[in-house]
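Novice: Below is the structure I would like to discuss, written out as structure tokens.
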Amino acid sequence: MTVNYEKLWGEALMEIELNVSRANFITWFKNTGIAKEENGIIFLNVPNTFVKEWLSTKYSKFILRALNNIYPSVRNIEYLITPVGPQIIKAQSSVKNMPFIAEEQLGFNDFYIDKEANLNPKYTFESFIVGSFNEVAHAAALAVTKTPGTIYNPLFIYGGVGLGKTHLLQAIGNKLKETNPEAKIHYLTSEKFASDFINAVQNKTVYDFKEKYRKFNLLIIDDIQFFSDKLKIQEEFFHIFNTLYERNNQLIFSSDRSPKHIVGLEERLRSRFEGGMMVDVSKPEFEARIAIVKTKAEAKGFPIDQETVEFIALAIQDNIRELEGAINSIIGQSKIKGKILSINEIKEILKKNAKPVKTVTFTDIVKAISSFYDINEKSLFEKTRKKEIVKPRQIAMYLLREDLNISYPYIGQKFGQRDHTTVIHAYKKVDEAIKKDVKFCEEIENIRCILYGKSV
Ligand code: ADP
Ligand code: MG
């Protein structure tokens, strides 16, 4: 492809910027640029190893998706360490004319996440939208901010991904930090708790570890379901829980399911969790989704018209994070194109944002695979054993089975009347290759990323 790299990267950055906090954007994308493109692989110039690692582990999907949105033939990203020179396009220069807008400015606060409490100041009650799907959880959270350590202790919030648990947990922390500046507050995930503990064991600092946790007035542990089956950690945590609880310190937890449904959770911990206040957050109803889309777009300084708002709210039903992702993409694309998008353009964007099962079809998978491997769509269905066709065909079969749950015989029939055992064979082959071969696994991930967008 012949491309103006500077322009391409500039456009991609505009979209990336919307999905990344301002602080992170500046930190990681400064002094980056496109070096070259070869066979659908974009080589990015990055200033040092540190940035390379960070971008490749944390942002590759955003980058791939943003570039692929503009040039569908982009399939992968590689990083080249190139110390900063004048030839490299500065990330900031492409966005310098954009107004700083409310929520992005908040991202700056990422710099100021205080080490002590580990709270992100952008998660507040003020920015939390309440509807019947989360009003009980919201009310319980508010009650805790008024009288911490008393009636709702522990507070246990559970529900599916992207429904606002972390937001609510941190909002409580932020509020209490404001009203009780002296209080020792700490937010962390259960994984961090576990890794802290393991480090303490290795460094023989378990005593300090215990002391550290026992002095908190408010301890918030997110995604506690990861304690499942980690009995040693559960035991350690149980003692910390008891100490804090007996001293009327507040404990708050979240989980993707209720304590009853966390397998591998010790009975005594389960009963502690259930002994306080348990509330769930469910999926937002249509009206709430409308309010969320409207408010988020306005907060980004980019009001969206009612028809579009309703359209988005109908298309994405399960997850507030996905709603946010869709809004960001729509705003990003509108900025790039310099106009309000048509409903059809928005449909295209939503396709990439929404969950697999909902919007990806048989045809989408076939299209994605043929463009990814740069082969003719028709050749996937022909009776050829050419290597460059066989592999994509097997991957197509795999994804149709794995992601769309289409039956083997049906897939076989679609692919030129092949026997269902052929499809099973293809499925197994791909499945094994994914487990064995990291490069191959990455390839599949990239195809999925292009198919579904960042939500995978
Ligand atoms: P969870 O922890 O349940 O997976 P998060 O709290 O991370 O979900 O929420 C995902 C995204 O959606 C976050 O950016 C969050 O700010 C936003 N969000 C979730 N619920 C709400 C809400 N009720 N009002 C406004 N934003 C919300
Ligand atoms: Mg969360």
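Novice: Please pull out the direction-averaged projected area of region 369-456, using the convex hull of its alpha-carbon atoms, in nm² to one decimal place.
Specialist: The Cα convex hull of region 369-456, projected and averaged over all directions, gives 5.5 nm².
Novice: Say the dipole of the chain comes from +1 at the beta carbon of Lys and Arg and -1 at that of Asp and Glu; which of Val130, Ile312, Ala194 then lies farthest toward its positive end?
Specialist: Ala194
Novice: What accessible area per residue, rounded to a whole number of Å², is obtained for region 256-302 using a probe radius of 1.4 Å?
Specialist: Ligands and nucleic acids excluded, the figure is 49 Å² per residue.
Novice: Near Lys383, which lysines are there with a Cα under 23 Å away, not counting those fewer than 8 places off in the same chain?
Specialist: Lys367, Lys391, Lys414, Lys428, Lys429
Novice: Could you give the length gained by full extension between Ser258 and Gln417, i.e. 0.36 nm per residue of separation minus their alpha carbon distance, to one decimal place?
Specialist: So the chain would gain 52.6 nm between Ser258 and Gln417.
Novice: Shifting gears a bit: Per residue, what volume in Å³ does the Cα convex hull of region 242-375 take up?
Specialist: About 194 Å³ per residue, rounded to a whole number.
Novice: Also, I was wondering about something else. Pull up the cross-link candidates among the aspartates and glutamates for Lys177, meaning alpha carbon to alpha carbon under 17 Å and not fewer than 8 places away within one chain.
Specialist: Within the straight-line limit of under 17 Å, Lys177 reaches these aspartates and glutamates: Asp110, Asp114, Glu116, Glu126.
Novice: Averaging the inverse of every distinct alpha carbon separation and then flipping it gives the Kirkwood radius. What is it for region 148-214, in angstrom units?
Specialist: Computed over region 148-214, the radius equals 14.1 Å.
Novice: Given the convex hull over the Cα atoms of the chain, what projected area results after averaging over all orientations, in nm²?
Specialist: Its average projected convex-hull area is 24.3 nm².
Novice: Among the lysines, which have Cα under 16 Å from the Cα of Lys232 when same-chain residues fewer than 8 positions away are ignored?
Specialist: Lys192, Lys204, Lys210
Novice: Moving to a separate point now. For Glu135 and Ser407, compute 0.36 nm times the residue count separating them, minus their Cα-Cα distance, and round to one decimal in nm.
Specialist: So the extension gain works out to 93.8 nm.
Novice: What's the local net charge at Ala183, with K and R +1, D and E -1, over the other residues with C-beta under 12 Å away?
Specialist: +1
Novice: Still on this model: Can you give me the % of accessible surface on region 179-327 that is carbon or sulfur? Probe 1.4 Å, all protein chains present, nothing else counted.
Specialist: Heavy-atom surface of region 179-327 belonging to carbon and sulfur, 1.4 Å probe: 50 percent.
Novice: Once neighbouring chains are kept in place and the probe is 1.4 Å, which whole percent of the accessible area of region 362-452 is contributed by carbon and sulfur?
Specialist: Its accessible area is 50 percent carbon and sulfur atoms.
Novice: Let me ask something else. What does the helix-only formula give at 222 nm for the chain: each DSSP H stretch with n ≥ 4 adding -39500 (n - 2.57), the total divided by the residues, and the result rounded to the nearest 500 deg cm²/dmol?
Specialist: Per the formula, -16500 deg cm²/dmol.
Novice: Could you please state, rounded to a whole Å, how far the C-alpha centre of region 24-46 is from the C-alpha centre of region 145-175?
Specialist: 39 Å
Novice: What is the antiparallel percent of DSSP beta bridges lying wholly in the chain, to the nearest 5?
Specialist: Antiparallel bridges make up about 20 percent of those DSSP assigns within the chain.
Novice: Now a separate question. Taking only the alpha-carbon atoms of region 298-379, what semi-axes of the equivalent ellipsoid follow from 5 times the gyration tensor eigenvalues under a square root, in whole Å, largest first?
Specialist: 27, 15, 10
Novice: Once R0 is set to 35 Å, what does the formula 1/(1 + (r/R0)^6) return for the Cβ-Cβ distance between Asn344 and Lys58, expressed as a FRET efficiency to the nearest 0.05?
Specialist: 0.60
Novice: Can you give the direction-averaged projected area of the convex hull of the alpha-carbon atoms in region 114-281, in nm²?
Specialist: 9.0 nm²
Novice: I need the calculated FRET efficiency for the pair Glu285 and Lys204, taking r as the beta carbon distance and R₀ as 51 Å, to the nearest 0.05.
Specialist: 0.45
Novice: A further question on this structure: Over all distinct alpha-carbon pairs, what is the Kirkwood Rh of region 5-83 in angstrom?
Specialist: About 12.3 Å, per the Kirkwood formula over Cα pairs.
Novice: Net charge near Arg401, counting Lys/Arg +1 and Asp/Glu -1 over other residues with Cβ under 11 Å of its Cβ?
Specialist: Neighbour charge sum, excluding Arg401 itself: -2.
Novice: While we're on this one: Let's see if you can work this out: charge +1 on each Lys and Arg Cβ, -1 on each Asp and Glu Cβ, no other charges. What is the dipole magnitude of the chain about its Cα centre, in debye to the nearest 20?
Specialist: Here the size comes out at about 860 debye.
Novice: Let me ask you something else. Of Val423, Phe253, Val366, which is farthest along the charge dipole of the chain in the positive direction, counting Lys and Arg as +1 and Asp and Glu as -1 at C-beta?
Specialist: Val423
The values are calculated or read from the model by the stated rules, or taken from the named source; none is laboratory data. Keep in mind that what you see is a predicted model, and the values were worked out from it rather than measured. Every residue, glycine among them, receives a Cβ derived from its backbone with ideal geometry; neighbour counts consider all protein chains shown. Only protein heavy atoms, including side chains, enter the accessible area calculation; ligands, DNA and RNA are left aside. Shrake-Rupley method; radii C 1.70, N 1.55, O 1.52, S 1.80 Å.
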